[in-house]
1. Suppose we keep only residues that are facing chain C (nearest Cβ under 7 Å) and not in a helix (DSSP H, G or I) within the stretch A:402-422. Which one would you say is nearest to C:ALA84 (Cα to Cα)?
2. Only residues that are in a helix (DSSP H, G or I) and surrounded by fewer than 22 Cβ atoms within 10 Å (Cβ to Cβ): list them for the stretch A:12-26, please.
3. Does A:THR391 satisfy the condition of being more than 14 Å from chain B (Cβ to nearest Cβ), in contact with a Pro (Cβ under 6 Å, 6 or more places away or on another chain) and not aromatic (Phe, Trp, Tyr)?
4. Can you pull out the residues in the stretch C:1-18 that are more than 9 Å from chain A (Cβ to nearest Cβ) and closer than 30 Å to B:PRO157 by Cα?
5. Is one or more of the residues making up the stretch B:74-89 outside the structural domain of B:ALA159 (by TED's automatic domain parsing), at pLDDT 90 or above, more than 18 Å from B:THR267 (Cα to Cα) and not charged (D, E, K, R)?
6. Please verify whether A:ALA89 is out of contact with any Gly (no Cβ under 7 Å at 6 or more places or on another chain) and surrounded by 24 or more Cβ atoms within 10 Å (Cβ to Cβ), treating the condition exactly as stated.
7. Looking at A:PHE18, A:PHE59, can you tell me which residue is of a type in the set (Phe, Trp, Tyr) and within 19 Å of A:LEU322 (Cα to Cα)?
Amino acid sequence: MLDALWEGLLLILQWKPFAFMLVGVLVGFWVGLLPGIGGATTLALMLPFIYTMQPVEAFAFLLGMHSVVATTGDITSILFGVPGEATTAAIILDGHAMAKRGEAGRALGAALTASLIGALIGAAALALAVPIVRPLVLTFGSPELFMLAIVGLAFIASLSAQGARGMVRGFLAGGLGLLLAMVGQDPQAGVGRFTLDTLYLWQGLDLVPVLVGLFAIPEIIDLAVRGTSIAGDVPTGHIRRGALEGVKDVFRHPFLTVRCALIGTFIGITPGLGGAVAQWMAYGHATQSARNAEERKGFGAGDVRGVIGPGAACNSKEGGALIPTIAFGVPGSTSMAILLGGFFLLGLVPGPDMLTKHLSLTFSLVWTIVLANLITVAVCVLLLNHLAGLTNVAGHRLIPAILVLVFIGSFTSNSNYADLVVTLVFGAVGYLMVLAGWPRAPLVLGLVLGKIAENYLYISVARYGAGWLTRPVVLVLLAIAVAVVCYPVIQAWRGRHRAKHA
Amino acid sequence: MKRRQLLVAAIGLAAASPLALAQSFAGKTVTIIVGYKPGGGYDATARLLARHLPKHIPGGPTVIVQNMPGANSVIAANHMYNVAKADGLTIGTFNRNLPIAQLTRVEGVKFDMNKFAWIGSAANESTILAIRSDLPYMTFEELRHAKEPVVIGSTGPGANTHDFPLLLKDLVGLNFKIVSGYSSSADIMLAVERKEVDGRAGSYTSLRPFIDRKLVRPIVRARSTEPGIDQLPVDENFAPTPRAKAIMALRSTPELIARPYVMPPGTPAEIVKAMRDAFARAIQDPQLIAEGKKSKMELEFTSGEQAQKVLHDVFSQPKDIVEEFSKYIKFGE
Amino acid sequence: MHNRASLLLAVAIAALSAWAIFSALAWPWKAKLFPLVISIPLLCLALAEVLWVLLGATSGARAADFRLSEEHPPEVVRRRTLIAVAWIAGFFVLVLLLGFLVAVPLFVLAYLKLQGKEGWLFAIAFTALLWAAFYGLFDELLHLPFPSGWLLEWLGLA
């Protein structure tokens, strides 16, 4: 295996694949930055270009592009509060808050470093998982996936404010998200649910218009109200110097970074959960690392841990998602599904062969992820000053540009005006929620996990009767879910207990 | 004198037509509207054609692809029928089951399949049912007499992963348990490996890699066939009544126009003919075939006239068969 | 304000879940199970929150989410918020009527001049830059379909 590892590195270091990787990185850089061009769509559009390439070159190009998208998507989220990609929305909560305090440089530095580490851990997981990947993925059946969705939903408790009232509001938001996930044709009876007799809602609510409306619109309104630049009145020099501080932040919280990266990798490996979940679970986990109620309140106002968590998870999930794609031909996300098309195009059959006969090719994929991320982070660091400087541009100059990107970004989901209506409606909802002090993260969690939970529950019951509840992994996951829900409650109780005896 | 003038005029017109057409396409952009998001089968086929059509359309226009997803491509079909202009510059491709959607009066359908200007179909599709190789059933007969229920995974009503085994279960009486809700057919294959389900139905093209890998073995097919599955028994032949047979036939009829391409109603006849010729030639273009082979896409042109005959088969079904059909099959994917 | 927004949201969710329950009852059980399991507790929670607000309970800790900035007095905030909302809604209407290709430069120019009070030179240059980037990327390169706007179609200028 070690020589395959070495061979993989040599394969990618030849000039042609390397050049293609650089081109891919360049494309991916812009794709991630601009909301509205999704990584998945671009991958599909790029597929025809690889017809004439050799496998190593083709994957250097595709993966080079794909690995970079999550990193640069973070940049847009932090600087403007607009999700650059559906998978980078969680980082807005604290990242953009930091930008508003004039700490854009620090947030960017932290996000980039966390992303890099996340990518490295994801790539390492991919490399190490090679021998155990098949039994690992095969253990996770529908009952386990259902439980995993429940664990994800349990994080709603962490994302809520403390106290009974806070929990109620958190679960109201989560419940709303779950209900919205039910919109569309159901896969059991084929009934059109909550479609309001429109064709648009037949296939359910698309994530991107909702996210863009929920997060970007309130930020734009707030920016207009403040009348200043994003960074307020903080002097420019201060913003730019923060980057190194951000990097140091990541190393001040090494275990959190690694844990969140592992969460991301794990979500990536389990096919069927989708890509958007990892960042929210990582964010929820990051908020749990607050040691007392005071720190807890800091989240959402610019705690750097809220940047590190999602940043790491987002990138590590990509390495993880490659595992089922390569080993089984089962894509872990939409982007992977398209990458799979690339496999077939090149005459490769994902499956046991990729882990034996073509092992060095597989490892070249691992190295591509590593190198592409290193290069991107290096480039971003060079551009960091200019990027952070954008937060000093007067708000009324930025707003029209952001709004145009928001509208286009939303519209390109379905090329339907209804996308814009959805964005506006959720813009209003998001604004009200922020005004009322309700957390928005649970809504997203509910929306993303609702259908998955329902489908896997039905499959589990149909297939295993009641027996699925007693499977060992299911019980372990149930325990984790209970722990996740109880953790904030225990924290709050302990906080009060400590205050009483202070 | 007059007759000769007319003859000359007629010859002149006939000779000028290709030139007139070349002028009408030259320098223009032809748009293929796909009723799905990028990355799926319909989209991939459209993009493959878009790359090779320009050489075969008189005037050599640019051909681009635009996606208009939503409602399983009903939105795209509605657009093609009601909004798109009939000037030959817009082509649409959508879900092959839309004729069934129209037949079963699905709400929201604002088109009439028969009135489209049909270019034809770019490929055929054959549906098969495959079960995991380690199961003891080697033939359809053995499967029929299975004592234990065979678990079949599906994505949801409307997809061939669901409908094909459903009819086998409800009409032919096979001992199936259909478990639906998987997010994609790839997820079902993973479930097969996990032994969570025992098999799945689907297009031969999508199941081929798994058959070659010996994970699953094909057992039965629908009426449309291709080399490799010719020898399989056809589901219709096991139908107990003529009505059941008609229902199964109705389900599989759209497979003959598996990648439909149309232009808006009212498109002038010469343009339609030019497009049909262009498609036929493009699909036989060796470069397209070579590219298609790489992505495991095999295109085969079925002309518009043939497509309309298939449509006629669908729409001439008697009312009671359609009603019975609707009880089993819901329009979905 | 904080409490009123909460009340509004809670009432809206209560209404939504009530409607959801009502719609779901007609469906086959497999289709209605999850929606009912979600919307019935949701209705209860929403009503609880409504009661909480009406009974004047203190709002409790804020959630881990961003707060609207509180730098300005409420009347200023209210006025500016309404203006911002008007601009956003206006852009939407422009897109519907005139299509993206015309609405985008028009909106950017209008905003920069009227709201941003920028000079003509900057406004036009910035608009041109943005419009070129948008057109070049989304239209030429990616061929995204941008319909031409109802008004233009009605006038036959599409």
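1. By that ranking, first place goes to A:THR412.
2. A:TRP15, A:LYS16, A:PHE18, A:ALA19, A:LEU22, A:VAL23, A:LEU26
3. No.
4. Across the stretch C:1-18, the qualifying residue is only C:ALA18.
5. yes
6. yes
7. Of the residues listed, the single one that is of a type in the set (Phe, Trp, Tyr) and within 19 Å of A:LEU322 (Cα to Cα) is A:PHE59.
Residues checked against (1) out of contact with any Ser or Thr (no Cβ under 9 Å at 6 or more places or on another chain); (2) closer than 30 Å to A:PRO187 by Cα; (3) not aromatic (Phe, Trp, Tyr):
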| site | (1), (2), (3) |
| --- | --- |
| A:ARG463 | no, yes, yes |
| A:ALA466 | yes, yes, yes |
| A:THR470 | yes, yes, yes |
| A:VAL476 | yes, yes, yes |
| A:TYR487 | no, no, no |
| A:TRP493 | yes, no, no |
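The values are calculated or read from the model by the stated rules, or taken from the named source; none is laboratory data. These figures come from a predicted structure and were not determined experimentally. Reconstructed Cβ throughout: ideal geometry from the backbone, glycine too, with neighbour counts over all protein chains shown.
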